[in-house]
Structure formats: C-alpha cells, structure tokens
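Colleague: Pasting in a structure now, in structure tokens, and then I'll have a few things to ask.
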Amino acid sequence: MDINIAILFYSHFNKESMSVKKSLEEFDITMEYVCLDSKKVRRLLKKQKIYDIQYIPTILLLYKNKEYNK
C-alpha cells in the first residue's frame, strides 16, 4: 500500500511524544505534526470519530486507497 500522508499526534508535555518527534526529525522522515496541547485542537479531534485517536503519541498512516493504520 502506498502511504499518502503520515501524521504524528503529540504533546510538548509528554516526554515520549517529544522523543518520537525528535527521532523522526533526526532521521528526516517525512511527517506532518499535530500538537494536541491546544484545547481547540483536542476538541476538534474528539468530535472527529473516524480515526479514534485516544493516546499520544500516535502515528496515523493514511493510504492512497483511503485505508489507514495507527
């Protein structure tokens, strides 16, 4: 399957999140980053139930055929 986009959901207040983000940046892995520190962003994510992001860090892989993996 061909990956269309990869997204890391993270928080600046979570050590594991920051470690994963740093590693991805060091290895120059193409990734979109969504910080969940804002109440507005968390509220939007909770309303959107399709991907059911419950834990951070989470990497969401969206494929060209519209399938996804967490």
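Colleague: Testing Leu8 on (1) touching a residue at least 40 places away in the same chain (Cβ under 8 Å); (2) touching a strand residue (DSSP E or B) at 6+ places or on another chain (Cβ under 8 Å); (3) surrounded by fewer than 15 Cβ atoms within 10 Å (Cβ to Cβ), one condition comes back false. Which one is that?
Modeller: All conditions pass for Leu8, except number (3).
Colleague: Taking Val34, is it open to solvent by less than 90 Å² (accessible area, probe 1.4 Å), at pLDDT 90 or above and part of a helix (DSSP H, G or I)?
Modeller: Values: open to solvent by less than 90 Å² (accessible area, probe 1.4 Å): yes; at pLDDT 90 or above: yes; part of a helix (DSSP H, G or I): no.
No: the conditions fail for Val34.
Colleague: Which count do you get for residues in the stretch 21-31 that are open to solvent by less than 100 Å² (accessible area, probe 1.4 Å), closer than 19 Å to Asn4 by Cα and not aliphatic (A, V, I, L, M)?
Modeller: 1
Colleague: Any chance you could count how many residues in the stretch 1-31 are assigned to a helix (DSSP H, G or I) and either touching a Pro at 6+ places or on another chain (Cβ under 8 Å) or farther than 12 Å from Thr58 by Cα (or both)?
Modeller: 11
Colleague: Does any residue of the stretch 41-56 turn out to be modelled with pLDDT of 95 or more and not in a strand (DSSP E or B)? Quick ask: steps written out before the conclusion?
Modeller: Just the residues of the stretch 41-56 that are modelled with pLDDT of 95 or more, to begin with: none.
No, the conditions are met nowhere in the stretch 41-56.
Colleague: Next up: Among the residues of the stretch 37-70, which ones are loosely packed, with under 12 Cβ neighbours inside 10 Å, basic (Lys, Arg) and within 15 Å of Ile5 (Cα to Cα)?
Modeller: Selection gives Lys64, Lys66.
The values are calculated or read from the model by the stated rules, or taken from the named source; none is laboratory data. Everything quoted here is computed from the prediction, not taken from an experiment. Every residue, glycine as well, gets a Cβ built from its backbone with ideal geometry; the counts of neighbours run over all protein chains shown. Protein only, heavy atoms only, side chains kept; ligands, DNA and RNA dropped before computing areas. Shrake-Rupley method; radii C 1.70, N 1.55, O 1.52, S 1.80 Å.
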